[in-house]
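Read the figures in this text as sums done on the coordinates, not as results from a lab. If you're wondering where the values come from, they're calculated on a predicted model, not measured in any experiment. Here the Cβ is made from the backbone with ideal geometry for all residues, glycine too, and neighbour counts use every protein chain on show.
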Amino acid sequence: MKIFKMCLICFVGFFIPVFGQKVEPGPAFAVKISEEAVKLIESQNEIITDTVLVNRVVPIARKIMRASDLRTIFDCRILNTDVVNAFALPAGPIYVTLGMLNFLDSLKTEESQSMLAGILGHEIAHVFLRHSVAWQRLKNFMDEERAAIPSEIVQILEKGYSRQQEFEADEYGILYAMRAGYDFESIIKFYKAIRENYGETPPGDEIYDDHPRLTERIAHLYEMRAQLERNFDQFNFGVEALNEGRYSEAVTYFKLFTATFSNSAAGWMNLGAAYLFEAVSKLDGPPVIFVVTYHEKPNIKLRGIPDELLYAEEAYKKAAEVDSSYNAVYYGNQGIIFALSGDYDRAEEFTRKALEGEEAEHFFYNNLGNIFYLKGEYKDAEAAYKKAVELAEDWALPVYNTALLYEKAGQKKLAIDTWKKLLDVSGFSKEAVEHLVSLDKTFKYDLSEVGPECSLGGIYIGMPEDSVRSILGEPDEQVALEKLFALSYYNHNIVVFLREKEVSGVLAQNGFSGKTSKGIGIGSPASEVRAAYGLPDDIVQQKDQEQWIYKKLGFLANLCGKKVNSLQIVKVGE
């Protein structure tokens, strides 16, 4: 087997041969040289497909990439070579050698897994920060125009990554590892292990005397620890503030974060979102709902416009400047800014730019529909909303905006039919009722007739314990829960809760065959639950299911796929 020689862990970085081509600007160049490098590497090295090793390495790599500023998930492959190394090509994939995995004891411990996370964080940081791409562009230019480049720069180029770039990749790499759930010392532990085995200068790294030694890198990270951990917290606090609607606080957090991590596109994008949300919270906005994207979680609603819009635009521009893969985000969110500013033609122009990219996401079509709605071009708006639904069948937001559109356009029947589709949809059911009451005189909705739910499968609130045992027999398990006592009946798929020897609650799960006093059981559709009890006081979204909570009725239904999969009744007031 041929070994493709690489320097250890990218203390210099992996040199990507350019094969005589002229360097092109932008990601196309990165893709081209990565494809050429893959051919060379994989023609000389076997790719290991051992399931155990792959299942240990790939999840760590994906976690780090999701936590990084990268907007794509590269493939991760294991090279069958004894060289201790890991590296990422500018456009992927990521390679980890068998030698590295053996050095890390095949990732059998949490510590070794954390070490690999730190290593991959460092390599992904080099990729995101364009260190290898910048090097190769300058290297090509140097080869063609050597006389025009000062000798000190030539020396730096010939030595690979600069000293500062190594420190920067260490800082960003640890940040990514921490975001992915690994500890601060992830890569430091690896550097210490390498130093113990190879000394300050690992094999293959001797010629790069400009690069920081291992002790320097460890010392630098410890010096930066307080600042790195503080900025890690600032980013998390900012995301939390965005999700909770505390936009002014989010602005502060992300300004502090980007002051240190000025090359973090995710940081700039989130700062733009914070400014945008802060702006629209100050004034009434259009009735249609836009979707603004930011790092980690997409927002759902945007309600409403001032100086912060300019700041948002500047932050989005900065994100795109740092990494052009954020262009779609910049164009899409800039389209919203123009729409809220009343410049609908430019709003449409930028939203269409977002749709031209490979990331022509469904929410961009929703936003395009909103722009047409605001322009009064209702047929185009309807077509855009339909496209959004076509791309994301279970997404209710464009259906909501379509209902508003039909109502605005005076298409009453279509509006009524569309609102009815939203009666059982989390987040839109109350609005649907309000609009249907005003549009359809035949639509009846009255909660006053619904009384507290007190019965489930023949067991009712207040029933004596003896009666429960008489009906269901002796429980399979009895558990004391503070002032409550729980009787579990596995064959019946039911748990009965007692307080002072009387039933105070009943929980029924999948497999339970009984029903409530209003005929609702496991498998009942959402429409029947609404017909029996009206709209819930609250709907809680939990991954792939919803909780419909009726506080005043003492009734809770869990729904998955718009069908009930568990029920609970409790004594009202408890």
| query | In the P(r) worked out for the range 223-268, what percent of Cα pairs fall beyond 16 Å? | reply | 31 percent
| said: Through the Karplus equation 6.51 cos²θ - 1.76 cosθ + 1.60, θ set to phi - 60°, convert the phi angles of the range 323-340 into ³J(HN,Hα) values in whole Hz; use x for Gly and Pro. | reply: 8, 5, 5, 8, 4, 4, 5, 4, 4, x, 6, 5, x, 5, 4, 5, 4, 6
| Which of the peptides 528-536, 172-180 is most tightly packed, and how do the rest follow, judged by the mean count of other Cβ atoms within 10 Å per residue? | 172-180, 528-536
| request: Could you pull out every residue, at least 5 positions away or on a different chain, whose amide H is within less than 5 Å of the one on residue 424? Hs are placed 1.01 Å off N in the peptide plane, and Pro or chain starts have none. | output: none
| note | Along the range 80-92, Karplus-curve 3J(HN,Hα) (6.51, -1.76, 1.60; θ = phi - 60°) to the nearest Hz, with x for Gly and Pro, reads 7, 8, 7, 4, 7, 6, 7, 7, 10, 7, x, 10, x
| query | Taking θ as phi - 60°, what are the ³J(HN,Hα) couplings along the range 43-49 by the Karplus curve (6.51, -1.76, 1.60), each to the nearest whole Hz, with x for Gly and Pro? | reply | 7, 10, 9, 6, 8, 7, 10
| task | Excluding residue 456 itself, calculate the net charge of residues whose Cβ lies under 14 Å from the Cβ of residue 456, where each Lys or Arg counts +1 and each Asp or Glu counts -1. | result | +2
| request: Could you sort 265-278, 111-124, 503-516 so that the peptide with the highest average Cβ count within 10 Å comes first and the rest follow in order? | output: 265-278, 111-124, 503-516
| remark: The long-range amide H neighbours of residue 463, using H built 1.01 Å from N in the peptide plane and a cut-off of under 5 Å, are 503
| task | Could you tell me, in Å, what Rg and Dmax come out for the Cα atoms of the range 374-464? | result | 18.1, 65
| field | Sequence-distant residues sharing a close amide H with residue 77 (under 5 Å, placed H) | value | 94, 95, 96
